Amino acid sequence: MAEPPVLPPRPRSWLPAWAAAALALLYAAGHDLELSFEDLAYGLDDMVEYFGRYRAPDFAGVPGMLVLMMQTLATAFWGTMLAIVLGGLLAPLAARNLSPARWTYLTARELLNLMRAMPDLLLALVFVAALGLGPLPGVLALGVHTAGFLGKFCAESMERVEPGVYDGLAATGATLPQRIMYAAWPSVLREAAGYVLVILDRNVRMGAVLGLVGAGGIGLALHETLRLFDYARSSALILVMLVTILAMDALSSSLRRRLG
Amino acid sequence: MLRFPTPDGRPPRSLVLVALILAGLLIASAPLVEVNPRSLVGAGPRLLEFLGHLWVMPDWSYLPDLGRRMLETIEMAVIATAIALVLSLPLAVLSARTVSPHPWVFALGRSLLALIRALPELVWALVFVSAVGLGPLPGILALAVVTVGFMGKVFAEAIEVVDPRPVEGVAAHGARRWQVLGFAVLPQALPDLLGSTLYVLDHNVRAAAILGLVGAGGIGYDMVMAMRLFEYDRLVPIGAAIWLCVTLLDRASHRLRARVING
């Protein structure tokens, strides 16, 4: 009689335990929020009916909407430029291998973290309270929030640059600003341009809702038409937003593909 | 001295050109964003004055409520991420070029994902609040919809870049389509999937914190009310709580992601 082949021990999988824990956690969270999926199921018919009200967009006000959309685009553009300036100044300081001292590195990094952690609408609320209504607080909010992203990503790119590039320049007696200008930025320029495009795309999206807190653009109009239950105009506004955002998205991703 | 490493020491022409174009666009669009020298000069002192208002003792009696609201915000983000995870996996499989059953399905899936990801969470939240009423439910739905669009795309891209050799190996044994998916494609994409799920969770907490602006649950509502009523002693702890939660989660997910991706 042949010996049965000796099989390696069956691998122990923790997957069921993890899945059970995750489900329990989700259930607890749902219970805590008093969600009931019965409500959702019963509400489904209502929702279908509700979305049906958006069927007939009213394009009469489109020229006015386009002006608002232009304002949103301009806000996003200015915000992105502000982010480039702020993030660009902070990025070399937040790169471990370039920062002149440990405290500048830590300070710059924490500052970028703080900028990133504050949601841009919260910042917009604060800036609107400080500066009054209008697109300028929106520009500042978008700029400060995305400068956090841009600074962090550029700093990480600068940390990944080969040390030889910096050493070569340092060997010629280059000072820190010279190393930043002629070694750090040229090495990461391509990546940085990609990040800027991502941020511009994102700022157009967020710029569209900044109007909700009084920071200008198309968001305010949408808020008002929804308040007035004017579904025809709301639907036209959403369509204008959608087309613009999709166009920006396509433009930004085709540019990024060309950057390689 | 900053002298450019070009023969004549001047900045390269392409750089100057890009800078000029951007400056021109900025100046041309300045009236649209109502930026002018006067508004800019006025902004500094007003910002400083406002920052002076924030220099107050926090309202300690509000802290229990604040904790409750923050918990609600995080729960919303977690539930929405979980729902989106379940919905986006099949969509991702359909819209990954390499495993999609048909090129048309691929094109359709990708366009659908781009479409639902286009509008920001707050627009969806506005619509869902009108449809199902106030509370965390519309917020969760809004987060889930946008997250499905984002995760579906990222997952599809992760599935497209898996190593084709194990896939061929499993297929060569006569495995069916779903067996190939389950035993060769998805296990390889798993670290990427987990990494992007953590990233999305992070993003959703931040997004959930502002959904309250339109009545869709979470800390945002308290924030707006504190702002409207000039209750700076509440606004400061709210801002601090959001910063703390986002930062802790960011650190934790960064660590976990590094562990998952490096195996």
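The values are calculated or read from the model by the stated rules, or taken from the named source; none is laboratory data. It should be emphasised that the depicted structure is a prediction, and the values quoted were computed from it without experimental measurement. Please note: Cβ atoms are built from the backbone with ideal geometry, for glycine as well, and neighbour counts cover all protein chains shown.
Can you tell me which condition residue B:228 does not meet? The list is (1) surrounded by fewer than 19 Cβ atoms within 10 Å (Cβ to Cβ); (2) more than 11 Å from chain A (Cβ to nearest Cβ); (3) over 28 Å from residue B:157 (Cβ atoms), and all the others hold. Single failed check for residue B:228: (2). The single residue among A:76, A:56 that is away from every other protein chain (no Cβ under 12 Å) and either touching a residue at least 60 places away in the same chain (Cβ under 8 Å) or in contact with a Cys (Cβ under 8 Å, 6 or more places away or on another chain) (or both) turns out to be A:56. Looking across segment B:212-240, the residues that are touching a Ser or Thr at 6+ places or on another chain (Cβ under 9 Å) and either among the aromatic types (Phe, Trp, Tyr) or under 24 Å from residue B:53 (Cα atoms) (or both) come down to B:212, B:219, B:220. Restricting the first member to segment B:111-133 and to residues that are more than 8 Å from every other protein chain (Cβ to nearest Cβ) and free of Cβ contacts under 8 Å to residues at least 24 places away in the same chain, and the second to residues that are in a helix (DSSP H, G or I) and buried (at least 24 other Cβ atoms within 10 Å of the Cβ), the beta-carbon pairs closer than 8 Å and six or more apart or on different chains are B:124/B:142; B:124/B:146. Only one of A:95, A:17 is of a type in the set (Gly, Ala, Ser) and in a loop (DSSP other than H, G, I, E, B); which? Testing whether each residue is of a type in the set (Gly, Ala, Ser) and in a loop (DSSP other than H, G, I, E, B) leaves just A:95. Against the criterion of being surrounded by fewer than 18 Cβ atoms within 10 Å (Cβ to Cβ) and more than 29 Å from residue B:245 (Cα to Cα), residue A:24 does not qualify. Apart from one condition, residue B:21 fits all of (1) modelled with pLDDT under 90; (2) within 30 Å of residue A:196 (Cβ to Cβ); the exception is (1). Taking the stated definitions as given, is residue B:107 small (Gly, Ala, Ser) and either at the interface with another protein chain (Cβ under 8 Å from one of its Cβ atoms) or free of Cβ contacts under 8 Å to residues at least 24 places away in the same chain (or both)? It is true that residue B:107 is small (Gly, Ala, Ser) and either at the interface with another protein chain (Cβ under 8 Å from one of its Cβ atoms) or free of Cβ contacts under 8 Å to residues at least 24 places away in the same chain (or both). On the stretch given as segment B:220-263, residues that are at pLDDT 85 or above and of a type in the set (Gly, Ala, Ser) total 6.
The single residue among B:143, B:137 that is facing chain A (nearest Cβ under 9 Å), under 26 Å from residue B:71 (Cα atoms), in contact (Cβ under 8 Å) with a residue 24 or more places away in the chain and part of a helix (DSSP H, G or I) turns out to be B:137. Scanning segment A:194-216 for residues that are farther than 16 Å from residue A:147 by Cβ and either hydrophobic (A, V, I, L, M, F, W, C) or away from chain B (no Cβ under 13 Å) (or both) yields A:194, A:204, A:208, A:209, A:210, A:212, A:213, A:215. Kindly indicate the residue of segment A:92-136 that is closer than 30 Å to residue A:211 by Cβ and either more than 9 Å from chain B (Cβ to nearest Cβ) or β-branched (Val, Ile, Thr) (or both) and also surrounded by the most Cβ atoms within 10 Å (Cβ to Cβ) among those meeting that condition. Out of the qualifying residues, it is A:124. Annotation: residue A:41 fulfils all but one of (1) loosely packed, with under 10 Cβ neighbours inside 10 Å; (2) aliphatic (A, V, I, L, M); (3) away from every other protein chain (no Cβ under 14 Å); (4) outside any loop (DSSP other than H, G, I, E, B); the unmet one is (3). Per this entry, residue B:41 is not counted among residues that are within 14 Å of chain A (Cβ to nearest Cβ) and either within 28 Å of the chain's Cα centre (by Cα) or closer than 16 Å to residue B:150 by Cβ (or both).
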